[in-house]
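Only one structure is covered here, and it is reproduced in the block below.
Derivation of every value follows stated rules applied to the coordinates shown; laboratory data play no part. Only a predicted model underlies this, so the values are computations on that prediction, with no experimental measurement involved. Don't worry about glycine lacking a Cβ; one is built from the backbone with ideal geometry, like all the others, and counts go over all protein chains shown.
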Number of protein chains: 2
Amino acid sequence: MSIIKYYWEDLVPGSTRELGSVSPTAEEIRAFATQFDPQPFHVDEEAAKASIFGGLCASGWHTCSMAMRLMVDNFLSESSSLGSPGLESLKWLKPVHPGDALSLKSTILESRPMASRPDVGLVRTAWDMFNQHGDKVLHMEGYGMFRRRTPASPQE
Amino acid sequence: MSIIKYYWEDLVPGSTRELGSVSPTAEEIRAFATQFDPQPFHVDEEAAKASIFGGLCASGWHTCSMAMRLMVDNFLSESSSLGSPGLESLKWLKPVHPGDALSLKSTILESRPMASRPDVGLVRTAWDMFNQHGDKVLHMEGYGMFRRRTPASPQE
C-alpha cells in the first residue's frame, strides 16, 4: 500500500527533483529493440558501427521507457498521479550506448487547475536525462494530471 | 540483407501509408509496465478498475513502442532511415486495453533538405493509431532523417 506524499498543490513551478540513474546493458538494448524497434543500429553491433551512431545505441523509446521507470520509482509512486495526456516536445539529443550511466532530473514548469475537474490539477514538467559525460541525451516537456489534496470550491 | 525501396525523395508531403495492426494481451501490457511503468493502473487489474481508466491499460510508452514496431516492419525497414531527432507532439488520447486491435496510419506532413548534410533529408510525419472502435488512441508528429537517393549538388 503506497502512501501519497505529493498532491497537485505540492508541485510548485520552478522546483526540481533528482530522479536517480540507470545504466542499460547491450543485452537490454538489443532485447528492447528486438521487440519494438528492430532497426540495424539498435540490434546489430556491426551494422551499428557502420552507422552514423558509431556503435550500438538504444531505441529512443527504450530511453523514454527507462526515464519513465525512474520517474515512477522516485516520484510518481508517492504522488497522486492520474496519468498523462501527452507531451508537447520530445528530443533525442545524443545516442545512448551500452553502459552509459543515465541520470534523470525533472523541473516543474507550470501548474494550473483543471477547469473540467475540481479535484484534479494539471502540471507541465521538463524531463532531462544526462549521460556520464554530462551530455543531455533526452529532453521532454509534458503534462501530468494529479489529484488535488483539496478540491477547488465551486466559486474558484 | 534489406533492399532500400524508399529514399528521402520518395516521401512526398500529403502521402499516407497504412502500417498494419497489433493487439496487446493483458500479459504483454503487465510485462511492459512491470519493467518500465509500474503504476497501479498498468499492472494491477483491480487497481485499474478503480482508476479513471476503468480497467487495465497499456503504458503510453508501450503504445508508442507498439506503433514503432509497426512503423519499422511496414516501412522503415525498406527505407533509408537514419533515425529521428525527436517529436514535436505526442498525445495519448484514449486508454489502450487488453485485446484492443490497434491500427497505425502515417501521413507525410513536410519534407526538406538538410542544410548541414547534402546526402540527407528531413521529413515530418504524423502517426495516428486507432482502436477497433475507430477511436484515435495515439497521435504523434515527429521528424525522421532519410538518406537521399541523389545528394544535393553544392549549388543547391
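Shape summary of chain A, radius of gyration then Dmax from alpha carbon positions: 18.0, 64 Å. The equivalent ellipsoid that matches the C-alpha gyration tensor of the range A:70-156 spans semi-axes of 31, 13, 9 angstrom, in descending order. Remark: mean inter-chain Cβ contacts per residue of A:69-77 equal 3, using a 10 Å Cβ-Cβ cutoff to other protein chain atoms. Mean sequence separation of contacting Cα pairs (under 8 Å, at least six apart), scaled by the length of the range B:72-131, corresponds to a relative contact order of 30 percent. Compared with the dominant Cα axis of chain B, that is its longest principal axis, helix B:26-36 is turned about 70°. Our note on the geometry: Cα centres of the range B:31-66 and the range B:77-156, 25 Å apart. Summing +1 for each Lys or Arg and -1 for each Asp or Glu among the other residues whose beta-carbon sits under 10 angstrom from that of B:LEU56 gives -1. Here A:LYS94 is the anchor, and the aspartates and glutamates within straight C-alpha reach of less than 14 Å, apart from those fewer than 8 places off in the same chain, are A:ASP128, A:ASP135.
Just to confirm a number: summing +1 for Lys and Arg and -1 for Asp and Glu over residues other than A:HIS133 whose beta-carbon lies under 14 angstrom from that of A:HIS133, what do you get? Summing Lys/Arg as +1 and Asp/Glu as -1 gives 0.
What do you get for the angle between helix A:60-74 and the principal long axis of chain A? Use alpha-carbon atoms, 0 to 90 degrees, nearest ten. The angle comes out at about 40 degrees. Each semi-axis of the equivalent ellipsoid for the range A:1-67 is √(5λ) with λ an eigenvalue of the Cα gyration tensor; in descending order they amount to 35, 14, 10 Å.
In order along the range A:131-137, the phi-based Karplus estimate (6.51 cos²θ - 1.76 cosθ + 1.60, θ = phi - 60°) of 3J(HN,Hα) comes to 8, 5, 8, x, 6, 6, 9 Hz; Gly and Pro are listed as x.
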